[in-house]
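See below for the structure under consideration.
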Amino acid sequence: LLSDQCGRAGAPSDKSAQTIVPERMWVLKSGKRLEKVLNTIDIREPVKPYISNVTADYVTKKEDIKQLLVKQVSSPVRWQQSVETMLSHGVDTFIEIGQGKTLTGFLRKINKNAKAINVGVVKDLEKL
């Protein structure tokens, strides 16, 4: 068993090692399913460039969108690098939408001078 091999190699003796491969396969299959769906729709050129979670770079061409969306299913989110890209291009204000202020806290660790606004409820929009 994979878990026995991991245990002999010094890994923790829990069941998580047995689920790594099946979970990874599920994620990859989800990406393939998404790709099939995306291939049935027409994607237009972006009106505004946006940052991809996969590359931490701006997406400006429609040819890149479907491929990046599929990769996003199984790739790590490059949030810090995305923020750093925006900062390097002059973005100085970030708005976190949703309950909590986790990303706002992360942003302050990346750049204390960036303005961070949290919108948790509709009433918070009045602050803007």
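If the condition is being surrounded by fewer than 17 Cβ atoms within 10 Å (Cβ to Cβ) and not hydroxyl-bearing (Ser, Thr, Tyr), then the range 74-85 contributes PRO76, VAL77, TRP79, GLN80, GLN81, GLU84.
State yes or no: is LEU28 open to solvent by 60 Å² or more (accessible area, probe 1.4 Å) and at pLDDT 85 or above? Even if it seems obvious, please write down each step before you answer.
Working: open to solvent by 60 Å² or more (accessible area, probe 1.4 Å): yes; at pLDDT 85 or above: no.
Taking the combined requirement at face value, the residue does not satisfy it.
Summed over the range 56-73, the residues that are farther than 18 Å from GLU35 by Cα and within 10 Å of the chain's Cα centre (by Cα) give a count of 1. Within the range 106-123, the only residue that satisfies the criterion of being β-branched (Val, Ile, Thr), touching a helix residue (DSSP H, G or I) at 6+ places or on another chain (Cβ under 7 Å) and either exposed (fewer than 11 other Cβ atoms within 10 Å of the Cβ) or not in a strand (DSSP E or B) (or both) is ILE110.
Filtering LEU87, LEU128, LEU103 for residues that are in contact with a strand residue (DSSP E or B) (Cβ under 6 Å, 6 or more places away or on another chain) and farther than 30 Å from LYS36 by Cα leaves a single hit, LEU103.
Inside the range 90-128, residues that are without any contact (Cβ under 8 Å) to a residue 24 or more places away in the chain, more than 30 Å from ILE41 (Cα to Cα) and more than 15 Å from the chain's Cα centre (by Cα) make up a count of 24.
Filtering the range 39-73 to residues that are surrounded by fewer than 15 Cβ atoms within 10 Å (Cβ to Cβ) and either touching a residue at least 12 places away in the same chain (Cβ under 8 Å) or part of a helix (DSSP H, G or I) (or both) leaves ASN39, ILE43, ARG44, GLU45, PRO46, THR60, LYS61, LYS62, GLU63, GLN67.
The values are calculated or read from the model by the stated rules, or taken from the named source; none is laboratory data. Just so we're clear, the structure is a prediction, and the values are computed from it rather than from any experiment. Ideal geometry is used to build each Cβ from the backbone, glycine not excepted, and the neighbour counts take in all protein chains shown. These accessible areas exclude ligands, DNA and RNA; they are computed on the full protein's heavy atoms, side chains included. Shrake-Rupley method; radii C 1.70, N 1.55, O 1.52, S 1.80 Å.
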